[in-house]
Amino acid sequence: MKKKSLFPQTKVKNPEPNIKDDNWVIWAAWADRITFEEIKEKTNKSESDVIKIMRKNLKPASFRLWRKRAHKVSIKHRKKFISERKKIKQKINLSDIN
């Protein structure tokens, strides 16, 4: 029996969808580390467009859960992410001194 490839294949439970598809926008919106600014850069869809896509494609309860999560998680907005990182670094630096 021959190997299919010389390189090992990593099986991913939920592989990344094609970037041209709305499924990529949904996937990226659920991902905590992808900001709305990055989605805008890659797909040209604003935050309000992403919200409309999510509302159209998700169940109402899933949409509410996502909105609550996206609103609370500071990572979804680049400015909030940077300010939160600074706060965390300051806390770490203060704890190193003590």
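Restricting the search to the stretch 41-62, which residues are of a type outside the set (V, I, T), assigned to a helix (DSSP H, G or I) and within 16 Å of the chain's Cα centre (by Cα)? Reasoning before the result, please.
Kept after step one, since they are of a type outside the set (V, I, T), are these residues of the stretch 41-62: 41-42, 44-49, 52, 54-62.
Now drop any that are not assigned to a helix (DSSP H, G or I), which leaves 41-42, 47-49, 52, 54-57, 60-62.
Passing the criteria: E41, K42, E47, S48, D49, M54, S62.
Kindly establish whether A29 is in contact (Cβ under 8 Å) with a residue 40 or more places away in the chain, part of a helix (DSSP H, G or I), in contact with a helix residue (DSSP H, G or I) (Cβ under 7 Å, 6 or more places away or on another chain) and within 18 Å of P17 (Cα to Cα).
Details: in contact (Cβ under 8 Å) with a residue 40 or more places away in the chain: yes; part of a helix (DSSP H, G or I): yes; in contact with a helix residue (DSSP H, G or I) (Cβ under 7 Å, 6 or more places away or on another chain): yes; within 18 Å of P17 (Cα to Cα): yes.
When the stated conditions are applied, A29 passes them.
Which of the residues that make up the stretch 50-68 are free of Cβ contacts under 8 Å to residues at least 24 places away in the same chain and not hydroxyl-bearing (S, T, Y)?
Scanning the stretch 50-68 gives I51, K52, R55, K56, K59, P60, A61, F63, R64, L65, R67, K68.
If you scan the stretch 26-42, which residues turn out to be over 18 Å from P15 (Cα atoms) and buried (at least 18 other Cβ atoms within 10 Å of the Cβ)?
T35, F36
How many residues does the stretch 70-82 hold that are part of a helix (DSSP H, G or I), surrounded by 12 or more Cβ atoms within 10 Å (Cβ to Cβ) and not basic (K, R)? If you could, list the steps in order and put the result at the bottom.
In the first step, residues of the stretch 70-82 are kept if they are part of a helix (DSSP H, G or I); the result is 70-72, 74-76, 78-82.
Subset that is surrounded by 12 or more Cβ atoms within 10 Å (Cβ to Cβ): 70, 74-76, 78, 80-81.
Restricting the remaining residues to those that are not basic (K, R) gives 70, 74-75, 81.
Going through the stretch 70-82 one residue at a time, the tally reaches 4.
Output the number of residues of the stretch 60-78 satisfying the condition of being out of contact with any helix residue (DSSP H, G or I) (no Cβ under 7 Å at 6 or more places or on another chain), at pLDDT 80 or above and closer than 12 Å to F36 by Cβ. Steps first, please.
Within the stretch 60-78, the subset out of contact with any helix residue (DSSP H, G or I) (no Cβ under 7 Å at 6 or more places or on another chain) is 60-62, 64-65, 67-69, 71-73.
In the following step, the residues that additionally are at pLDDT 80 or above were identified as 60-62, 64-65, 67-69, 71.
This time we only want the ones that are closer than 12 Å to F36 by Cβ, so: 71.
Qualifying residue count for the region: 1.
The values are calculated or read from the model by the stated rules, or taken from the named source; none is laboratory data. The structure presented is a predicted model; accordingly, all values stated were derived computationally and were not measured. Cβ sites come from the backbone with ideal geometry, for glycine too, and all protein chains shown count toward neighbours.
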